[in-house]
Amino acid sequence: MRVSALNIAHLKLATFLGLLGLVLNIYPIPLFANVQLILGNAAVVIVAILLGPWYALFTALFTATGLMLAWSSAHVYLVFLLEALWLGFARRRDFPILYASICYWLLLGLPLMGLYLWLITGMPTYHIPFTTVKQAFNGIFYTTLGELCVVALPSLWHLKDKLVNHTRRTMSAQLSYLFILITTISLLTSSLVFNHYFMDKQQVLINQNLNDTGISLGHATETYISTNTRTIASIGKFISVSGLPFEQWQLVLDSVQGLTPSFTTMFIANEDGDIVAGSPLEKLNQVKLLPQKVNVLDRDYFIQAFIHHNTFVSPVFIGRGLGKDIIIAISAPIFKEESKTAIGIVEGSLDLSYFSNIDKQNQHHETQSIILLDEKKNIVYASERLGLQPLTPFNYVTGSTEYRTRLQLMNINQEDTETPEYIYAHHKLKNGWHLYVVEPFVPLLTLAQEQYTKTIVLLLLSMVGAIIIAKAISRLTTTPLALLAQHFSQKKDGSINEEKFEHELLDNSTPKEIYSLYESLEANQQALLSYQLELEDKVKQRTMDLEIANRKLKDMAERDSLTNLYNRRYTEKQFLKIQDLCERGQDAIAVVLLDLDFFKKVNDTYGHLAGDECLRVMAEVLTSHFKRDVDLLCRYGGEEFVLILPMCNTLKVEQHLNGFREKLASVVITNPADQVTFSVTVSIGAIIADAAYSSTLEVWLKQADENLYKAKEQGRNCVICTLVTV
Ligand SMILES: Nc1nc2c(ncn2[C@@H]2O[C@H](COP(=O)(O)OP(=O)(O)OP(=O)(O)O)[C@@H](O)[C@H]2O)c(=O)[nH]1
C-alpha cells in the first residue's frame, strides 16, 4: 500500500471490519464434531470488494488473528491472508468475487489446507479431504455473505473513492450473478441448519441408546451381583444357624452346587483360612493334591467376612483357592451356632462369562460395547472387540478439544490422539462398580461427513441449476430490452429504423413495464419518423430555393444584367481555359470586338431607354447568330461587345461577322418609350490566330481594337479582320 494512497476513512473502515471479524472468528459456530462455521472472514470480503487487496490484507490480519486464537494454529495466517489478496486483486480486475473465491479454494486453499493437515497436524488421512472441502465451502459461504452485505447496504455503494467496475456488465449477467449469490447463501444456510439438526438428532439418539443400554445392563449386573451375594449370605447363614459340624460343610456345598450356576467355584474356609470344603469337588481334590496348603487368611474377602462379619463382594483379582482364574469373590461369614463368633467363611467365585452373555444380549450389540469396572476401576469385563484385559486398570481419556459434540467422548487405546475413539455413557452401580457403554465415534463422523458431502454435491448441482434458471429468468426480462434497444437505436447511417418491431419474445408473457416501454418507444419512433419526413421535405424545398438563389448569384456574378451576355470578368477568366484547351488541340481562336456606331447619338436622340433596348437587341442578334456552344458572347462594357470564338474556321469567320453586321443593320428597333423605330450599325474589329498566339486576352484585344479603330475610320458598319499566322 503506497503511503500516499492511504485514505484515513478507508483505513478506519478496514480496521472496524477487521475487529468485528476478529471477534466473530474467536467464536466460530460449532456445527458438529470439528465442523465449525466461521463468519468473521466476511469482513475481509467486504473490504476486498470495496477497497481492494491491500486494505483486505490489513483486515485479514485481524480476522486471521481471531482464528489463531480459536484454533491455535498459525496456518490461518497463510491461508486467509493469501485469500484476502486473491479476492482483492480479482475484484480489481472486475472478476466476480464468488467465482474468484471458488477459484482460490480450488487452486490454492484446498492444497494448502490439505498439506498443512497432513504434514503438521497429523490428522488421519481419511479425514483430511472432508476437513479441507468443508473449509472451502465455509470460504464460499462467507464470501457470498460478504458480497450480499455490500449489495444490501446502500450506504456502502456511495463510499468515496471505492473500487468501481472498469467494464459495464450486462443486466442479464448482473441479474444472474445476484441470483446465484442468493441461491448459494440460501442453500448453504438451509443445508447447514438442516445438517446441524440432523446430526443433533443423531447424537440425541445415540446418547439415549447408550444410556438405555447402560441402565438395563447396569440393572442386570446389579441384580446378578445382589442375587448371588444373597445366595452366599444365605449359605453362610444356613451353616451358622444349622450348627452343622465343619465335616458336613462339604455336603452343604454339594447340595447347592446345581442351584448356584453363577459361581464357577465355591469353597468354605475355616477360621485359619484353610479351605475345608469346595465345589465342584474335583477342584477341591485338585487343591488337596497341591504340595502347599492353600490358605486364604490374607484375602480381603476372608478378612471382610471373618473379621468384619460383612457379606463382601471383592474387586476383580486372580484366584488362589480353587484355581488361578480371574475372579470376583463373594464371601459371607459362618458364625458359631447362635453366637457372634465367626468360625469360617463361605466364598463363591462369580462366573464372569455372565457379563459376556448380557453383553451379547444387548440389542445394540453390533455397535455398542461395555466395560464393567470394579470400585478400584479395574476391568471386570470388557467386550471382546475392545481388546481390554480383565483385571487391568481401565485407562482412558475423556473429551476432545478438536471435536465438539454434545456427546461424551473417550479414547481408550489412542490416548494421545485428538480424534475421539468412542462415545460413551457411564453408570455407577449401587455396589460402587462402574459400567461404561461405548460406541465407536468414527461411524458417526463418517455419517456426518457423508451428510455434508451429499450437501456439498447437492449445492454444486443447485448452483449449476441456479445458473441455468438465472439465465432463463434474466432472458425473460433483459432479452426483450436488448432487442428493443437494438431495434430503436439508429441505423449505422444514422437514420431511424422504420421497420415495425416484431419478435416472438414480445407477447403476453412480456413484463408489463417492458411492454409499456415498447409502446412508448414505438409511438416516439412514429412521431420521429413523421417529423423526419417533414424535415426532409423542408430541407428539399430549402435546397431547391438555395440552388436557384445560387444560380442567380452565379449569373449575377458572371452575366450582364441588361443583355444577359457574359460580363467582362467572366470572359477574361474563361478565356484562359479556352486558350489553353485550343492550344493543346492546336486550334484557332477568333477574338472579336464590336462597337455600336454612333450610340451616343442613339441615346441622345431616342433617350437611354432606347439605348438600352438597342443593347438588348444587339445581344439577341448576337445570340441567334453565334449559336455554337463553345462561342463566348460578352458585353465588354458600354456599347462594346467581345466575342471569343474558339476552334473556328479561319476562312469563314470574317464572312460570318459580316453576316452578323448585315443582320443587325436590318433589324428594326422600337423605342419602348415612344414606339419610334430606328436601326443601328456596328463596327467590328477581329483577330483570328492560332491559340498559341498569346495566352493573354489583352494582346488579342489590342489587335482587335486596332482593327475596330480602323473600321470606325473607314466609315463604320464594316468588319476589319486580321488573320495572324504564326
Ligand atoms: N443607353 C445606354 N447608353 C450607354 C450605355 N453604356 C454606354 N452608353 C452610352 O454610349 C455612348 C458611347 O458613345 P461614344 O463612345 O462616343 O461612341 P459613339 O457615339 O457610338 O460613336 P462611335 O463609337 O465613334 O460611332 C455614351 O454616350 C454612353 O453614355 C448603356 O448601358 N445604355
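For the range 160-186, which positions are open to solvent by 50 Å² or more (accessible area, probe 1.4 Å), of a type in the set (A, V, I, L, M, F, W, C) and touching a residue at least 24 places away in the same chain (Cβ under 8 Å)? Of everything in the range 160-186, those that are open to solvent by 50 Å² or more (accessible area, probe 1.4 Å), of a type in the set (A, V, I, L, M, F, W, C) and touching a residue at least 24 places away in the same chain (Cβ under 8 Å) turn out to be MET171, LEU175, LEU178, PHE179, ILE182.
Only residues that are in contact with a helix residue (DSSP H, G or I) (Cβ under 8 Å, 6 or more places away or on another chain) and open to solvent by less than 40 Å² (accessible area, probe 1.4 Å) were counted across the range 86-111, and they come to 12. Among the residues that make up the range 59-72, is at least one of them open to solvent by less than 30 Å² (accessible area, probe 1.4 Å), among the hydroxyl-bearing types (Ser, Thr, Tyr) and out of contact with any Gly (no Cβ under 7 Å at 6 or more places or on another chain)? No, the range 59-72 has no match at all.
What about VAL682, is it among the hydrophobic types (A, V, I, L, M, F, W, C), modelled with pLDDT of 95 or more and in the same structural domain as ALA704 (by TED's automatic domain parsing)?
Here the answer is yes, as VAL682 does meet what is asked.
Among the residues of this structure, GLY585 does not count as one that is within 11 Å of the ligand (Cβ to nearest atom) and either surrounded by 15 or more Cβ atoms within 10 Å (Cβ to Cβ) or not basic (Lys, Arg) (or both). Contact map, the range 282-307: first residue over 27 Å from GLU375 (Cα atoms) and without any contact (Cβ under 8 Å) to a residue 60 or more places away in the chain, second residue part of a helix (DSSP H, G or I) and not β-branched (Val, Ile, Thr), Cβ cut-off under 8 Å, separation 6 or more or different chains; pairs are LEU284/GLN250.
Do we have any residue at all in the range 551-567 that's away from the ligand (no atom under 16 Å from the Cβ), farther than 30 Å from PHE678 by Cβ, of a type in the set (Asp, Glu) and in contact with a helix residue (DSSP H, G or I) (Cβ under 9 Å, 6 or more places away or on another chain)? Yes: one or more hits.
Mind checking whether some residue in the range 276-292 is open to solvent by less than 30 Å² (accessible area, probe 1.4 Å), assigned to a strand (DSSP E or B) and under 30 Å from ASP212 (Cβ atoms)?
Step one: filter the range 276-292 for residues open to solvent by less than 30 Å² (accessible area, probe 1.4 Å), giving 277-280, 284, 287.
With the extra rule that they be assigned to a strand (DSSP E or B), the set shrinks to 277-279.
Then keep just the ones that are under 30 Å from ASP212 (Cβ atoms); that gives none.
Looking for residues that are open to solvent by less than 30 Å² (accessible area, probe 1.4 Å), assigned to a strand (DSSP E or B) and under 30 Å from ASP212 (Cβ atoms), one finds none in the range 276-292, hence no.
Being modelled with pLDDT of 90 or more, closer than 17 Å to PRO280 by Cα and not aliphatic (A, V, I, L, M) holds for only one residue in THR231, THR227, THR223, and it is THR231. Here's a check for you: in the range 474-501, which residue that is at pLDDT below 70 and open to solvent by less than 40 Å² (accessible area, probe 1.4 Å) is nearest to ALA173 (Cα to Cα)? Step by step, filter the range 474-501, then rank; the result is PHE501. Go through the residues of the range 365-380 one by one and say whether even a single one is surrounded by fewer than 17 Cβ atoms within 10 Å (Cβ to Cβ), in contact with a helix residue (DSSP H, G or I) (Cβ under 9 Å, 6 or more places away or on another chain) and part of a loop (DSSP other than H, G, I, E, B). Yes: one or more hits. Within the range 426-468, the residues that satisfy the criterion of being over 19 Å from TYR396 (Cβ atoms) and among the hydroxyl-bearing types (Ser, Thr, Tyr) are THR446, TYR452, THR453, THR455, SER462.
Scanning the range 446-469 turns up no residue that is closer than 30 Å to SER520 by Cα and open to solvent by less than 30 Å² (accessible area, probe 1.4 Å).
May I ask you to verify whether LEU210 is of a type outside the set (Asp, Glu), modelled with pLDDT of 85 or more and open to solvent by 20 Å² or more (accessible area, probe 1.4 Å)? Steps first, answer last, please.
Numbers: of a type outside the set (Asp, Glu): yes; modelled with pLDDT of 85 or more: yes; open to solvent by 20 Å² or more (accessible area, probe 1.4 Å): no.
No; evaluated as a whole, the condition is false for this residue.
LEU576 meets the conditions (1) open to solvent by less than 30 Å² (accessible area, probe 1.4 Å); (2) away from the ligand (no atom under 14 Å from the Cβ) in every case but one. The failed one is (1).
Residues in the range 399-419 that are part of a strand (DSSP E or B) and at pLDDT 85 or above: LEU409, MET410, ASN411. Tell me whether the range 402-409 contains one or more residues that are open to solvent by 10 Å² or more (accessible area, probe 1.4 Å) and over 21 Å from ASN211 (Cβ atoms). Scanning the range 402-409 turns up at least one residue that is open to solvent by 10 Å² or more (accessible area, probe 1.4 Å) and over 21 Å from ASN211 (Cβ atoms).
Take the residues in the range 592-607 that are farther than 30 Å from VAL699 by Cβ and either near the ligand (Cβ under 6 Å from one of its atoms) or within 60 Å of the chain's Cα centre (by Cα) (or both); name whichever of them is least open to solvent (accessible area, probe 1.4 Å).
Of the range 592-607, the ones farther than 30 Å from VAL699 by Cβ are 601-607.
Filter once more, keeping what is either near the ligand (Cβ under 6 Å from one of its atoms) or within 60 Å of the chain's Cα centre (by Cα) (or both): 601, 603.
Values: LYS601: 129, ASN603: 29 Å².
Top of the filtered list is ASN603.
The values are calculated or read from the model by the stated rules, or taken from the named source; none is laboratory data. Everything quoted here is computed from the prediction, not taken from an experiment. With ideal geometry, Cβ positions are generated from the backbone for all residues, glycine too; neighbour counts draw on all protein chains shown. The area values use the complete protein model at the heavy-atom level, side chains included, leaving out ligands, DNA and RNA. Shrake-Rupley method; radii C 1.70, N 1.55, O 1.52, S 1.80 Å.
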